[in-house]
Amino acid sequence: MRSIRGVDRATPTVSELVRRAVEICDTQGRDAVLGRLEEQLEDDDEPVTAVENLEERLALAAEGADYDAEDPAVAVATAVVLYLAAHGGRASYDRDPSELRRLAVRAQWHGDPPDSVTDWLGLTDR
């Protein structure tokens, strides 16, 4: 099982936040699609604060990972990256991955996520 670790640097890089989001969304390290998403951005050492359009960068990486556009795991991982980036790489939660996923989804979709995301969260948060 992977450990969910925090980001030590004051300003995290894109690769650090993506790695953390993948760990949070795939605590067992078994989702190949999330693994490919992480690989697409593993060398992106730019601080998240320096990225003009992080959402676009994540979307381009997801395309490069060759995932199904409707893959809810990728959608939630992207939401987690954006949530963490908006909070300086840190978030107020009690180290429970399911809580962080729910916070990120609520922020990304303003409380109304797509059904596929809701279904995925129901499966992963049991």
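Points worth noting:
- Most to least accessible of R101, R90 (protein chains only, probe 1.4 Å): R90, R101
- DSSP-loop trypsin sites (Lys or Arg not before Pro) across segment 15-44, with at most 11 other Cβ within 10 angstrom: R30
- Take the Cα of A107, step 7 Å toward its Cβ, do the same at N53, and the gap between the two points is 2.1 nm.
- Computed FRET value (nearest 0.05) for D45 with S116, which takes r as the C-beta separation and R₀ as 25 Å: 0.20
The values are calculated or read from the model by the stated rules, or taken from the named source; none is laboratory data. None of the values given here were measured: they were computed from a predicted structure. Heads up, the Cβs are rebuilt from the backbone with ideal geometry, glycines too, and the neighbour counts pull from every protein chain shown. Note: accessible area is taken over every heavy atom of the protein model, side chains too, but ligands, DNA and RNA are not part of it. Shrake-Rupley method; radii C 1.70, N 1.55, O 1.52, S 1.80 Å.
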